[in-house]
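The structure appears below as structure tokens.
The values are calculated or read from the model by the stated rules, or taken from the named source; none is laboratory data. Predicted, not measured: the structure shown is a model, and the values here were computed from it. Here Cβ is always computed from backbone atoms with ideal geometry, including for glycine, and neighbour counts include all displayed protein chains. SASA here: full protein model, heavy atoms, side chains in, ligands and nucleic acids out. Shrake-Rupley method; radii C 1.70, N 1.55, O 1.52, S 1.80 Å.
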Amino acid sequence: MTLTRTLLVPAAAVALVASGVGVGWSASADQANQTGAAARAAAPVVVVRELLAEDRAPRGAADRTLGLNRVTVMPGAELASHHHPGTQISYVESGVLTYTVETSSTAVRTGPSDDPRVVRQVRAGQTARLRAGQWIVEQPNMTHHAANRGTTPVVLYISTLFRTGTPAAIPD
């Protein structure tokens, strides 16, 4: 492994986690090949964002990318204040996510999308605990942050619709 890669990969992982994007360090062949000081110096896994599916220029949205991600937030991990340049739907599969809205608002829902039930409205300055089976819609430029204050990982499924070429999240 080159010195540049040794320095840049962990730095990039830390920068992405701090941005609220939720990309972390995951087990891979490269990581398994690390030994000694390099392996000990690697940042621990705190948040992992896995792209499961993506469609660029879906019908009706030629300049957009539609994506589906699984995000795992480990206990103690925090997602810094950020906003999204497009619309994002987040569904909590397991765990409890502590979620704070800084600007704008969102409704916490449960149930299928064809018959959802609003559990509560979270307005600017308020914090909610999003539990398994609950979901939210984050609109462009809604600033928020989140954390896993529990003892088990939080698993989220996230669907995004962003202008092609824009980042998933922008730090505030």
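Filter segment 138-170 down to residues that are loosely packed, with under 15 Cβ neighbours inside 10 Å and assigned to a strand (DSSP E or B), then give me how many there are.
Residues meeting the conditions: 1.
Here's the yes/no breakdown for (1) assigned to a loop (DSSP other than H, G, I, E, B); (2) at pLDDT below 95; (3) out of contact with any helix residue (DSSP H, G or I) (no Cβ under 6 Å at 6 or more places or on another chain):
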site	(1), (2), (3)
Ala15	no, yes, yes
Val23	yes, yes, no
Val45	yes, yes, yes
Val92	no, no, yes
Val108	no, no, yes
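Name the residue, out of Glu138, Glu78, that is under 30 Å from Pro58 (Cα atoms) and either free of Cβ contacts under 8 Å to residues at least 60 places away in the same chain or within 15 Å of the chain's Cα centre (by Cα) (or both). Spell out the reasoning first.
Numbers: Glu78 fails: under 30 Å from Pro58 (Cα atoms).
None of the other options fit; the residue is Glu138.
State which residue is most open to solvent (accessible area, probe 1.4 Å) when the search covers only segment 107-120 and only residues that are closer than 19 Å to Thr87 by Cα and touching a Ser or Thr at 6+ places or on another chain (Cβ under 9 Å).
Here the answer is Val118.
Which one is most open to solvent (accessible area, probe 1.4 Å) among residues in segment 44-75 that are closer than 18 Å to Tyr157 by Cβ and of a type in the set (Gly, Ala, Ser)?
Ala53
Taking Arg123 as the residue in question, decide whether it is among the basic types (Lys, Arg), open to solvent by 70 Å² or more (accessible area, probe 1.4 Å) and free of Cβ contacts under 8 Å to residues at least 12 places away in the same chain. Please lay out each step first, then the result.
Details: among the basic types (Lys, Arg): yes; open to solvent by 70 Å² or more (accessible area, probe 1.4 Å): yes; free of Cβ contacts under 8 Å to residues at least 12 places away in the same chain: no.
For Arg123, the condition - among the basic types (Lys, Arg), open to solvent by 70 Å² or more (accessible area, probe 1.4 Å) and free of Cβ contacts under 8 Å to residues at least 12 places away in the same chain - is not met.
For residues that are under 12 Å from the mean Cα position of the chain (by Cα) and closer than 9 Å to Gln88 by Cβ, tally how many sit in segment 141-172.
5
Is it true that Leu97 is surrounded by fewer than 21 Cβ atoms within 10 Å (Cβ to Cβ) and in a strand (DSSP E or B)?
Numbers: surrounded by fewer than 21 Cβ atoms within 10 Å (Cβ to Cβ): no; in a strand (DSSP E or B): yes.
So Leu97 does not fit the description; no.
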